[in-house]
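First comes the structure, then the notes that go with it.
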Amino acid sequence: MWTRNEQTICAVSTPNGVGGIAVIRISGKDSLTITKKIAKSLVKKEIESHKAYFCNITDLENNKVDESVVTYFAQGKSFTGEEVVEISCHGSRFITQQILDLLVKCGARIADKGEFTYRAFMSGNLDLVQAESVLSLIESQNQASAKVALRQLEGHVSKEFEILISDLTWCLAHIEASIDFIEQGVEVVDTKVLINKLKSINQSLSKLIKTYQSGRLIKDGIRVALIGEPNVGKSSLLNLLLQNDKAIVTPIAGTTRDVIDGEIIYEGVKYSISDTAGLRETKDHVEIIGIDKSKKEAEMADVLCFVFDCSEKDWERSLQLATQLKNTKKIFLLNKTDSISSDQHTALVNKIKDSLKLPNVESILFTSALKPDSRDQIFGLIKNNIGSLEYLDEAIISSSRQFEQAQEALENIERSLIELENNMGAEFVAMYLKEALVSLQKILGQVYDDQIMDRIFKEFCLGK
Amino acid sequence: MSKVFDVIVVGAGHAGVEACLAPARLGLKTLLVTTNLERIAYMSCNPSIGGLAKGHMVREIDILGGQMGIAADQSCIQFKRLNSSRGPAVRGSRVQSDKHVYSQLQKNVLSTQPNLDLLEGEVKRLILNANQCEGVVLQDGSEIRAKAVIITTGTFMNGVMHFGLKQIAGGRIGDQASIGLSDQLAEFGFEVKRLKTGTPARLHKDSIDWSKTTPEHGDEVFYPFSHTSEKKFYLPQVLCYLSHTNEKTHDIIRANLDKSPMFCGVIEGVGPRYCPSIEDKITRFHDRVSHQTFLEPEGLNTDLIYLQGISTSLPEEVQDQFLKTIPGLENVKVVRYGYAVEYDYVEPTQIFHRLETRPINNLFLAGQINGTSGYEEAAAQGFIAGVNAAHKILGREEFILDRDKAYAGVLVDDLVTKGTREPYRMFTSRAEHRLVLREDNTIDRLSDVSRKLGIVSEKNLDLLQKIITKRQEMLTRLNETSIYPKAETNAVVESIGSKALIKPLKLSEFLRRPEVEFKSLNKFGFEYDNNSDVVDAVEIEIKYSGYIKKQNEIIDQTKKFELAKIPTNLDFTLIKGLSNEEVDKLTRVKPRTLGQAQRISGVNPSALQAIMVYLKSRKELNF
């Protein structure tokens, strides 16, 4: 994969497309030498780290290409740890391409996918969690996920893991001492103390693992599925939530046959909302496939929105489905509320509450695609049901890799606790704790694992 | 005596004995040179062999053809299996030896060993031809030539003994230091550094009031180290006695710390943290009001008592004072005072796994010269160096034990990979695959290796093979025999305190129940030959099978790194992404595999990635 490490690399670091300004990043030992070939006014200057220099970019025949600002970062003082130059030029695709071509002619090469971050990790400037957060940060499309990624990049998550690693090492050291120093009459830490310490490590670890739930939601968005009988107004609600006309709305039942979905950022959080085919008995082959797909989509959703038509009497199929689907987060939207009088509301609410044995009516909402405030109310209800976004200000893990390894560590510590509580040999306790420690160290990249490296750095996009 | 040999071994300590026996037994003309033929395999410090992890190594080299186990068994005057309440991997056998018997036994073995000559003398220099070692020069200037030289000089190289602030040149009481050799190595460019070790006072047994101490018995069941020994004690067994220091002892020591060479900076060498002097102990663990000490007889026919745990380099009068505060020692007569020794060692990252030095060909180092501590660590290295010297001469492949095969392999790999700054002692925690490196499975681990080496006789190896076969047969039978939930069976099951069966159960599964012991299996009609060599190992293999399986899985996961070879001529400066420190360390250690590179401290995971990428790009790595 990374076969050309010794070379100087370059790439446009700002997003694709036309912007006011684009930044071209160059990293490697020849960064400045190469830059000077196309920014000749820099040749005679004493270039200092972390200073910006205004200059003209010219091609090899001395024709002016652009005016730009060049910022220099000395080796050891940059993101990648290498000598880095950033050229801020005008954001035209034509200009950036021209500059890149020039840089390549002068000896740089276009960076591989994720190579800047890779180099930053290699230089020890970033641990693996931080390297992953760069990816999340780049990919974040909303405020919440950017915030989470930024906290990871700042090292908040790494710090949590470092504390756990240090505590676990303490436990392991004491267990090892109890085995190896039996002859020296060393005072060994009490098993109860050890058990308590390990339990408290596991508590912190579980807490961290739980943040993955919201970490994932924040990073990938909250998946909401609208589900219900045909023609209850799911598509209208989808359009209302997405604020566009994605779904075709007709009065004809069974109009939506495939799953239609869209994404929207609402108050800084991403939602993926899917409208599903209405659930009904049908012989239409296409519609049957659509209904099957609906059920699958429903099972994957973070929040299920059951939509009922207030004017309809027959809710049996929907209610039955609401009991069948195992999703924990369900909300109930009583749609077309304008079609009934307000004193009928209570009866409908009770009908749902009673048939689904709900503890309260907090998950039930009257909606109407015709009322604009329904949108805020629906999002509000979804958010309340998700609940876990409350972690937003804490260290959150958002990568499945971190989650899996933290989970593995947790299981090994639990296993070691069983061994301890059953008074099994300290060497067995130690084996599980060591495994747990390795998992935690792998999260930060403190232990080498070729597969993890590949997995992480393959996900990166060009130039980041 | 011919003046040309295949192998010359310098030093006749625990490393030297094994280092000269191995090549002689492989048929090579071998010479042992020592300054004092009366002190072959002398126990300079504690009169015991074995212990956790150390005992494992004694068994390992015994299966391979070493001598230490036999001498330990035959000189044993107290036997203990340490950690016997814990799991089987961390149990270690230890004998207390009659140190004179031990030394005599080893001397007899050397004297009667064919192909081996013994010579009293001091080696002053190596004969070097460029970077080839071709022999040694003695103090009288005479030269002896050899194809390989193994240095096992222990604490003798530039040895200085400290009694308080008084210093005497020497590697051990009654013996001279060897001067010259380490200077020559340093001149050649070796990194030679200082270490320190210490020993406690020896007391006269008649001056001790034994009634104030607690007697400690040894075990009744003897598990000999050697596969050739009988399972009975060769010598009468004795007691050891336990006593403790107290606040008074500590006060005296504290008040005299300025007379301790360690504490006023006279000694520069680094001492072992795990075997601290009493001065160290009371300084480092200042809130402890008492430290234990064992009073151990040094033999059956000696008046000397070894005072375990109280090594010191305080002046003699201070030793007299503080010893008298220990219960039982109120009127003690000290025969020999404790002292510290400082000596030269060669930073062991300068040697290969085969224990040959990198800078000088045909020169091998073993024992304390490589920075280790302990008789067992020395013997294991002596054996490995001896075999490798012989193999080199015979044109055979180098003899290296993997980390998942033997503690001796862990020892060597740790030394050459990490180096050491303090005297290196083996611990079970140094072996990452501890659960498969047990005393009971030593023969399973190493008898094939031993057959290839060819030191142990075919006849003995066949006997070992028989044990292995019996173990396997018994395992198979236990896996194939079941007991059934019949009333009479369940009555027996309940009578041994276990829960009644509700479905048929294989005997191996039944045995996995913690409360079920092997010996109760005969109540279910399982007939077996009650040979502890077979039964113990099978029981462990079954009872702990879950853990052992997990350990083997972990080994498998890391195996690919151990198998990923790094070319010996690799120039690490060409690899982008390595820090200068990493390049230095990698260049110095020259790891054989990615696995070894990973163990070098200060070499980060990112460096591993860089090396792998580099090798892959050159198609020099199958990974």
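Since every read-out is calculated from the coordinates, none of them should be taken as a lab result. These figures come from a predicted structure and were not determined experimentally. Using ideal geometry, Cβ is built from the backbone for each residue, glycine included, and neighbour counts are taken over all protein chains shown.
Which of A:Lys234/A:Lys383; A:Lys197/A:Lys329; B:Lys452/B:Lys616 have a Cα-Cα distance over 27 Å? Where the Cα-Cα span goes over 27 Å, the pairs concerned are A:Lys197/A:Lys329; B:Lys452/B:Lys616. For chain A, the convex hull spanned by the alpha carbon atoms encloses 207 Å³ per residue.
If you average the C-alpha positions of the range A:74-146 and of the range A:424-444 separately, how far apart do those two centres end up, in angstrom? Taking the Cα centre of each part, the range A:74-146 and the range A:424-444 sit 36 Å apart. Taking only the Cα atoms of the protein assembly as shown, the ratio Rg/Rh comes out at 1.07, with Rh defined as the Kirkwood radius. The coefficient of translational diffusion for the range B:195-328, derived via Stokes-Einstein from the alpha carbon Kirkwood radius under 25 °C and 0.890 mPa s, stands at 148 µm²/s. Each of A:Cys10, A:Cys106 was scored by other Cβ atoms within 10 Å of its Cβ. Listed from fewest to most, they are A:Cys106, A:Cys10.
Helix content alone sets the calculated 222 nm mean residue ellipticity of chain B: runs of n ≥ 4 DSSP H residues at -39500 (n - 2.57) each, divided across all residues, give -10500 deg cm²/dmol. What percent does the relative contact order of chain A come to when contacts are Cα pairs within less than 8 Å and at least six residues apart? About 17 percent, as a whole number.
A simple spin-label model places the labels of A:Ala52 and B:Glu268 5.5 nm from each other, with each point 7 Å out along Cα-to-Cβ. Based on the Stokes-Einstein relation at 25 °C and a viscosity of 0.890 mPa s, and on the Kirkwood radius from alpha carbon pairs, chain B is assigned a translational diffusion coefficient of 94 µm²/s.
In this structure, the amide hydrogen of B:Met157, modeled 1.01 Å from its nitrogen in the peptide plane, lies closer than 5 angstrom to those of B:Ser178, B:Asp344, counting only residues at least 5 positions away or on a different chain.
Between the range B:195-240 and the range A:218-238, how many Å separate their Cα centres? Value for the Cα centre distance between the two parts: 81 Å. Taking every DSSP bridge with both residues inside the protein assembly as shown, close to 65 percent are antiparallel. Legend: residue pairs A:Lys442/B:Lys590; A:Lys210/A:Lys336; B:Lys590/B:Lys619, Cα-Cα distance threshold 30 Å; pairs beyond threshold, A:Lys210/A:Lys336. In the range A:9-126, Cα pairs under 8 Å separated by at least six residues give a relative contact order of 32 percent.
Spacing of the modelled spin labels on B:Leu235 and B:Leu300, each 7 Å from Cα toward Cβ, amounts to 0.7 nm. Per residue of chain A, the DSSP helices (runs of n ≥ 4 H) give a summed -39500 (n - 2.57) that works out to -15500 deg cm²/dmol at 222 nm.
Highest-first packing order for the peptide set B:548-558, B:497-507 is B:548-558, B:497-507, based on the mean count of other beta carbon atoms within 10 Å.
In this Cβ point-charge picture (+1 for Lys and Arg, -1 for Asp and Glu), the range A:9-126 has a dipole of about 100 debye about its Cα centre.
Within the range A:11-40, name every residue whose backbone N is under 15 Å away from a label modeled 7 Å from Cα of A:Gln97 along the Cβ vector. Only A:12, A:16-19 pass the distance filter. DSSP assigns beta bridges within chain B; of those with both partners inside it, close to 70 percent run antiparallel. Other protein chain C-beta atoms within 10 Å of residue C-beta, averaged over A:426-433: 6. On the principal axes of its alpha carbon atoms, the range A:9-126 extends 40, 34, 24 Å, with the longest extent given first. Taking 0.36 nm per residue of separation and subtracting the Cα-Cα distance, full extension of the segment from B:Leu394 to B:Ser84 would add 107.3 nm.
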